[in-house]
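First up is the structure itself, then whatever we jot down about it.
The values are calculated or read from the model by the stated rules, or taken from the named source; none is laboratory data. None of the values given here were measured: they were computed from a predicted structure. As a convention, Cβ positions derive from the backbone with ideal geometry for all residues, glycine included, and neighbour counts pool all protein chains shown.
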């Protein structure tokens, strides 16, 4: 069975001279949640934008295939029309519009019979959106805004949902609720490409994952594979011989150390874990 999304050796540049991605390759299977982890500046957002067609004339090299069709360097509207929906880190809401109006924009252009069913699905995941229908989006809490962004995205009926840091700025319990919603979305049949710094949350829901460091994939595997790697446990999960996670969930120095390059030893393990 062919993957829904196949990224092969892509290289993305800014200003035609600054490399943001170097030979990145990954495959996302249908109905899978694929998590891309890594520190700030690793190129995670650039990866999503490259797939979505939001970076003009990028990637400079490499191939991106979606459902068997090449899509690299296509205009973003054509990529979106194929069923790829991107939710950016800032959630992309129209903040001056109400919750209901934002959701209506998610339904723009739809004339099918599934509109009511999809609305009920969204309100079933996030009942607060129905209660806050007349409230302006900018007055919602961060968690409620993320729920609105996810709800609006699902009204587009995506085949591939790409999320950039959905837990950013959220309280732990709210972030947990958002990630539980991702499991619900996945079970409904939507494939998810998830960019996230919170490795603990991401690996709890993911079927497969990759670590991106300084524009390169340095490790791939199942959550079990990644969690078993000593460097991943120390740098991303905060678990090591001299560094454990406190009962309150705060990580020790190793987790706060966001190295710009791959942790020592990680790169050499990549071939063994790549599937």
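Scanning region 99-119 for residues that are free of Cβ contacts under 8 Å to residues at least 24 places away in the same chain and part of a loop (DSSP other than H, G, I, E, B) yields 108, 109, 111, 112, 113. Figure legend. Inter-residue proximity from region 120-134: first residues farther than 13 Å from residue 185 by Cα, second residues part of a loop (DSSP other than H, G, I, E, B), beta-carbon distance below 7 Å, spacing 6+ or different chains. Indicated pairs: 132/140. Selection over region 147-167 of residues that are surrounded by fewer than 23 Cβ atoms within 10 Å (Cβ to Cβ), part of a loop (DSSP other than H, G, I, E, B) and touching a strand residue (DSSP E or B) at 6+ places or on another chain (Cβ under 8 Å) gives a count of 4. Of all residues being touching a residue at least 24 places away in the same chain (Cβ under 8 Å) and over 17 Å from the mean Cα position of the chain (by Cα) in region 65-76, which is nearest to residue 21 (Cα to Cα)? Just the residue, please. In this case the residue turns out to be 72. From the list 191, 222, the one residue that fits, being touching a helix residue (DSSP H, G or I) at 6+ places or on another chain (Cβ under 9 Å) and closer than 30 Å to residue 22 by Cβ, is 222.
Taking the condition in the same structural domain as residue 138 (by TED's automatic domain parsing), in contact (Cβ under 8 Å) with a residue 24 or more places away in the chain and in a loop (DSSP other than H, G, I, E, B), does residue 96 pass? Yes: the conditions hold for residue 96. Restricting attention to region 204-230, the residues being more than 20 Å from residue 6 (Cα to Cα) and surrounded by fewer than 20 Cβ atoms within 10 Å (Cβ to Cβ) number 8.
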